[in-house]
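The values are calculated or read from the model by the stated rules, or taken from the named source; none is laboratory data. Fair warning: this is a prediction, and the values are worked out from it, not measured in the lab. All Cβ positions, glycine included, derive from the backbone under ideal geometry; neighbour counts span all protein chains shown. Remember, those area values only see protein heavy atoms, side chains included, never the ligands or the DNA or RNA. Shrake-Rupley method; radii C 1.70, N 1.55, O 1.52, S 1.80 Å.
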Amino acid sequence: MRKVVLVTGASSGVGLALCKRLLEEDDELHVCLACRNVSKAEAVSADLLASHPAAEVSIVQVDVSNLQSVIRASSELKQRFQRLDYVYLNAGIMPNPQLNIKALFCGLFSRKVIHMFSTAEGLLTQEDKVTADGLQEVFETNVFGHFILIQELEPLLCHRDSPSQLIWTSSRNARKSNFHLEDIQHSRGQEPYSSSKYAVDLLSVALNRNFNPRGLYSSVVCPGTMVTNMTYGILPPLVWTLLLPIIWLLRFFANAFTLTPYNGTEALVWLFHQKPESLNPLTKYLSATTGFGSNYVATQKMDLDEDTAEKFYQNLLELEKRVRVTIQKTDNPS
């Protein structure tokens, strides 16, 4: 029986590279592309099948920033599949990133230059907005939409006899200082991306605590610093051209500069081969690349505690209740 892999955000970047690499590992997988843009997904599907004719590739349309879309897609997946073996929760946004030029130039001439480029700590702010669901867009897209997806797909994921894996795309930019339980959507801050990735780390730990006995395991990865459509929005192409030689040099001093989506998927592919029961729920798995371009997986202990993770999880459950009431009123107006 084919193993089924669901990948959100599969039409570009890390998601697309991941689908290609997974089929290189096992061309008899069933890969389900969960994407907003169906036409892009269809082009990706055709390309994957041309390279791997023994594979099975399907598409489900889903926008994780729209909860009705998530619920509709989940219903469709439950009709198609009896179980999901792997779910890569990869879709995400960093809207309108603004670079702190002063912090950049100060960092260039400090001992923190490698750390700064590896994590973007203190460099980036974003302008968030509110979605049609009344939620902060970055929080809903990167965290809450995926949380609802997991809740809806629980019957396909929880099998004690054969565990399923959730694998989240997090970031080295996930900073404890940018997250607050009193403002889980980061509506009062300027670094919603960092906050959302720290929230992902917390959620993964809480999911393990609550679902491991039922056969569901969760892990988080960081794909490293890459040049993708998301990062191209931070600086003009000319500036990236000027910075790339510096970044190539920095690879000899830090392993975070994976640069390409292919390299960035190293940890995601590595987790595909692991027994989830053997993994440490408090560890983040990092895609890493040496100065000479060799890929490997590094580990990092997450800067969090299980009590905070559980409190965050309970906050999400409360938010879910409120949002579902709103959705039901919208679907059934009196």
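Total residues in region 39-78 satisfying the condition of being of a type outside the set (Asp, Glu), surrounded by 15 or more Cβ atoms within 10 Å (Cβ to Cβ) and under 25 Å from ILE148 (Cα atoms): the figure is 20.
Name the pairs: first residue in region 164-187 and without any contact (Cβ under 8 Å) to a residue 24 or more places away in the chain and farther than 19 Å from MET226 by Cβ, second residue in a loop (DSSP other than H, G, I, E, B) and not aromatic (Phe, Trp, Tyr), Cβ to Cβ under 6 Å, at least 6 apart or on different chains? So the pair list comes out as ASN178/GLU191.
Check region 264-276 and report whether any residue there is more than 20 Å from the chain's Cα centre (by Cα) and either in a loop (DSSP other than H, G, I, E, B) or over 30 Å from LYS3 (Cα atoms) (or both). The answer is yes, given that some residue of region 264-276 is more than 20 Å from the chain's Cα centre (by Cα) and either in a loop (DSSP other than H, G, I, E, B) or over 30 Å from LYS3 (Cα atoms) (or both). Only a single item in (1) over 21 Å from THR131 (Cα atoms); (2) part of a helix (DSSP H, G or I); (3) of a type in the set (S, T, N, Q) is not met by GLN68, and it is number (1). Residues in region 153-201 that are of a type in the set (Asp, Glu) and buried (at least 19 other Cβ atoms within 10 Å of the Cβ) were compared, and the one that is nearest to SER219 (Cα to Cα) is ASP201. If only residues of region 71-98 that are part of a helix (DSSP H, G or I) and in contact with a strand residue (DSSP E or B) (Cβ under 8 Å, 6 or more places away or on another chain) are counted, the one that is nearest to GLU140 (Cα to Cα) is ALA73.
Which one of these is part of a loop (DSSP other than H, G, I, E, B) and at pLDDT 95 or above: GLN185, GLN190?
GLN185
Scanning region 11-26 for residues that are in a loop (DSSP other than H, G, I, E, B) and either within 20 Å of the chain's Cα centre (by Cα) or more than 17 Å from VAL87 (Cα to Cα) (or both) turns up SER11, SER12.
The set of residues in region 283-314 that are open to solvent by less than 40 Å² (accessible area, probe 1.4 Å), modelled with pLDDT of 95 or more and assigned to a loop (DSSP other than H, G, I, E, B) comprises MET302, LEU304.
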